[in-house]
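Quick notes on the structure that follows.
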Amino acid sequence: MRALLKPVLDNDGVPLLASALSSVLKLRSARSRLQLNVAYKMVIGSRRWRARLSERLIVSGHTDATFSALYALASAPSGLNQSELAERMGLAGSSLVRLLDRLEQQGQIRRETMIGDRRANLIRLEPAGAEAVRELDAIADGLRDEVFDGETDELLAEMSDLLDRLLLRLQPSAARGLESAPSQTTPAN
């Protein structure tokens with residue numbers, strides 16, 4: 001049996017980690033605290049989304065990774081090379097190779113040698129993969145309906161616009177066309 005560790009407390013009886021974080025947050029502006037809160041919730045929300053989606057997809061023999069790959073390929077009718085697909089999915093190339101091997105064995109995708117670069121592959125969705133996307137999207141649709149229940153279309157559109165802007169800013173510098181360090185201007189509080 002694993003022994004439970006008691007938190008180390010400060011002089012006021014507050015767990016030291018919480019106390020240290022509180023002292024750091026006190027020094028931040030209200031805007032900085034709000035940004036931290038939003039960023040933290042985005043990370044946690046993303047993790048929870050993936051976990052809930054994976055719970056539902058497992059019944060069909062898929063994971064959120066296979067769903068993401070198939071969905072990305074469905075949105076690119078002419079196919080994607082492995083680098084493009086990896087970037088869209090936020091995966092390292094080696095993780096993607098194993099995933100593509102499995103999807104190819106299942107007949108859901110096919111890899112073709114790219115013209116002009118025999119080292120690169122173009123990945124295309126096969127009819128079985130397109131059918132899987134329809135089935136998996138129906139499963140994901142149920143989760144979306146539950147999560148966004150009661151939210152207005154206007155709020156969802158605003159959130160989508162905000163997330164589009166944030167995702168653009170989170171792209172690697174080269175993808176955004178930036179060659180130097182970001183500007184050091186400070187936003188107003």
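The values are calculated or read from the model by the stated rules, or taken from the named source; none is laboratory data. This structure is a prediction, so every number in the text was calculated from the model and none was measured. For neighbour counting, all protein chains shown are included, and Cβ atoms are generated from backbone atoms with ideal geometry for every residue, glycine included. Surface areas here come from the heavy atoms of the whole protein model, side chains and all, with no ligands, DNA or RNA. Shrake-Rupley method; radii C 1.70, N 1.55, O 1.52, S 1.80 Å.
When the residues of the stretch 50-88 are filtered to those that are more than 17 Å from Arg144 (Cβ to Cβ) and of a type in the set (Ser, Thr, Tyr), which remaining residue is surrounded by the fewest Cβ atoms within 10 Å (Cβ to Cβ)?
Of everything passing the filter in the stretch 50-88, Ser78 is surrounded by the fewest Cβ atoms within 10 Å (Cβ to Cβ).
Starting from the stretch 91-108, keep only residues that are touching a residue at least 60 places away in the same chain (Cβ under 8 Å), then list their pairs with residues that are open to solvent by less than 40 Å² (accessible area, probe 1.4 Å) whose Cβ atoms are within a distance under 9 Å, requiring at least 6 positions of separation or different chains.
Sorted first by the residue in the stretch 91-108, then by its partner, the list stays empty.
Taking interchain pairs and intrachain pairs at least six residues apart, which have beta carbon atoms under 7 angstrom, with the first residue in the stretch 52-72 and at pLDDT 90 or above and the second hydroxyl-bearing (Ser, Thr, Tyr) and surrounded by 15 or more Cβ atoms within 10 Å (Cβ to Cβ)?
Filtered contacts from the stretch 52-72: Ser54/Thr63; Leu57/Thr63.
Residues of the stretch 141-158 being farther than 20 Å from Ser68 by Cβ and open to solvent by less than 100 Å² (accessible area, probe 1.4 Å), which ones?
The answer is Gly150, Glu151, Thr152, Leu155, Leu156, Ala157.
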